[in-house]
Amino acid sequence: MHFAEPLQLQSGAQLRDYMLMYETYGTLNADKSNAVLVCHALNASHHVAGVYADQPKNVGWWDNMVGPGKPLDTDRFFVIGVNNLGSCFGSTGPMHNNPATGKPYGAAFPVVTVEDWVAAQARLADQLGIAQFAAVMGGSLGGMQALAWSIMYPDRLRHCVVIASTPKLSAQNIAFNDVARTAILTDPDYHGGDFYEHGVVPRNGLKVARMIGHITYLSDDDMAEKFGRKLRGVEDYKFGFGVDFEIESYLRYQGDKFSEYFDANTYLLITKALDYFDPARRHGGDLAKTLAATKAKFFLASFTTDWRFSPERSREIVQALISNRREVTYAEIDAPHGHDAFLLEDERYMNMVRAYYERVWKEQA
């Protein structure tokens, strides 16, 4: 969807003449009360579920969660997936032309925040005639967006579903993001962000950034079970600096694959948006005071082995909501898969989400 009216960003910049890509699943009912917004995480997009007819292998990133008969049942709910501004999957981002110059934005694309994304999503909802969502839902960075929705537009959602997320990044998380960005920024093919004009891609920087990120998404137990210290195709060490271990091969494969489809400037933008998210900052760090304006009912879930967005961070949100007498459901799942658990099949997790949406459905019936 095209938007001609400029979007005022938190940085003070404006973004004009921009596009938002989105997909919908299910049917919007007559009074438009069954809409659910699903917000995506770092490397995902508006393609939440299902496949395209001409791309049968391109399965939506949360296909196990969203669809007919699934926990978020599209036989009941009208689900919307939106690609965030600055992304590389269709919505206006660094690789698109800047109307002011006629050339790709590159590094000139303005820094965007979680709150900027939410403001853009609210404009899309306006265009679709949706005054209030039955729920806004997201995992990880998507959970930050859902939380921001409850703060910025308290009357526009009845339920807020926050999975494996946090009210702000820890210093360790910011540090990981900075190392990943430095890998991209120091790649000779980055060209100050204007690599499009040079016909190159900073693949090495993107590869290292993805390898760093991927390590943080897995748990130690999960990595030990999948890879341990198994050697790759040899019976003894090679005594060199190439690949010896299965885990090295896996990470390099993930990095190579990522560098083929993801945009370096987008990676910089999204990790910075992660770093900047801290809605309690305007209240002196008091999260309870920040959430006092919320009106939604909340469902939160965390995973015991997620050390990137640990259960302690979800409990902070729960406690702040309880202090404001909000209605909160909280599930802490003992799962071995680290941060990635929010994307994977776990019967307990899926059943909790299914039960919560059953409640959402009955409340509006």
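The values are calculated or read from the model by the stated rules, or taken from the named source; none is laboratory data. Everything quoted here is computed from the prediction, not taken from an experiment. All Cβ positions, even for glycine, are placed from backbone atoms using ideal geometry, and neighbour counts span all protein chains on display. Surface accessibility is based on the protein's heavy atoms, side chains included, excluding ligands, DNA and RNA. Shrake-Rupley method; radii C 1.70, N 1.55, O 1.52, S 1.80 Å.
Per-atom-type breakdown for the range 37-83 gives carbon and sulfur 52% of the accessible area (1.4 Å probe, protein chains only).
Charges only on Cβ, +1 for Lys and Arg, -1 for Asp and Glu: so what's the dipole of the range 100-224 about the Cα centre, in debye to the nearest 20?
Values: 9 positive and 12 negative charges, 46 e Å.
Its charge dipole is roughly 220 debye.
Given the choices (1) 26, 45, 24, 5, 0; (2) 28, 59, 12, 0; (3) 27, 52, 17, 4, 0, P(r) over Cα pairs in 20 Å bins from 0, in percent derived from the coordinates of this structure is entry (2).
Couplings 3J(HN,Hα) for the range 258-266, derived from phi with the Karplus relation 6.51 cos²θ - 1.76 cosθ + 1.60 (θ = phi - 60°), are 4, 5, 7, 10, 9, 8, 5, 5, 4 Hz, where x marks Gly and Pro. Residues D220, D340, ordered by accessible area of protein heavy atoms at a 1.4 angstrom probe radius and largest first, appear as D220, D340.
Of V161, V51, V82, the residue with the greatest mean-square motion in the GNM of the chain, using alpha carbon springs below 10 Å, is V51. Solvent-accessible area per residue in the chain equals 44 Å², computed with a 1.4 angstrom probe and all protein chains kept. Each other residue within a Cβ distance under 15 Å of G50 adds +1 if Lys or Arg and -1 if Asp or Glu, for a net charge of -3. Accessible area of R210 (1.4 Å probe, protein heavy atoms only, ligands and nucleic acids ignored): about 30 Å².
Considering the options G60, T113, Y267, tell which one lies farthest towards the positive end of the dipole of the chain, charges being +1 on Lys and Arg and -1 on Asp and Glu at the Cβ, about the Cα centre. Of the candidates, T113 comes out farthest on the positive side.
Taking the Cα centre of the range 247-315 as reference, the dipole from Cβ charges on Lys and Arg (+1) and Asp and Glu (-1) amounts to some 500 debye. Karplus-based coupling profile of the range 242-252, in residue order and whole Hz: x, 7, 9, 9, 4, 5, 5, 4, 4, 5, 5, with θ = phi - 60° in 6.51 cos²θ - 1.76 cosθ + 1.60 and x standing for Gly or Pro. Qualifying chymotrypsin sites (Phe, Trp or Tyr not before Pro) in the range 297-365, where qualification requires a DSSP coil assignment and no more than 11 other C-beta atoms within 10 Å, are lacking entirely.
Quick one: pull the percent of accessible area on the range 253-365 belonging to carbon and sulfur, 1.4 Å probe, ligands and nucleic acids left out. Intermediate values should be presented prior to the final figure.
On the way: 2590 of 5220 Å².
Percent of accessible area from carbon and sulfur atoms in the range 253-365: 50.
Computed about its Cα centre, the charge dipole of the chain is approximately 840 debye, with only Lys, Arg, Asp and Glu carrying charge at their Cβ. Taking GluC sites (Glu not before Pro) as exposed when DSSP calls them loop and at most 16 other C-beta atoms lie within 10 angstrom, the chain has its longest site-free stretch at 1-234.
Would you please put 69-80, 176-187 in order of how densely packed they are, using the mean number of other Cβ atoms within 10 angstrom per residue and starting with the highest?
Peptide ranking by packing, descending: 69-80, 176-187.
For the range 238-313, which trypsin sites (Lys or Arg not before Pro) are both in a DSSP coil and crowded by at most 15 other Cβ atoms within 10 Å? Don't skip to the end; give the middle numbers.
Working: sites: K238, R252, K257, K272, R281, R282, K289, K295, K297, R308, R313; in loops: K238, K295, R308.
Listed in order of number, the matching sites are K238, K295.
As a test, work out the antiparallel percent of DSSP beta bridges whose residues both lie in the chain, rounded to the nearest 5. Looking only at bridges with both residues in the chain, the antiparallel portion is about 30 percent.
Given a 1.4 Å probe and heavy atoms of the protein chains only, how would you sort I151, I270, largest accessible area at the top?
Values: I151 30, I270 5 Å².
Of I151, I270, the descending order of accessible area is I151, I270.
Across the protein chains, with a 1.4 Å probe defining accessible surface, the residues M21, M144, M223 rank M21, M223, M144 from largest area downward. Taking amide H atoms as placed 1.01 Å from N in the peptide plane, the amide H of D194 lies under 5 Å from those of A107, each 5 or more residues away in sequence or on another chain. Our note on the geometry: Cα centres of the range 116-168 and the range 299-365, 16 Å apart.
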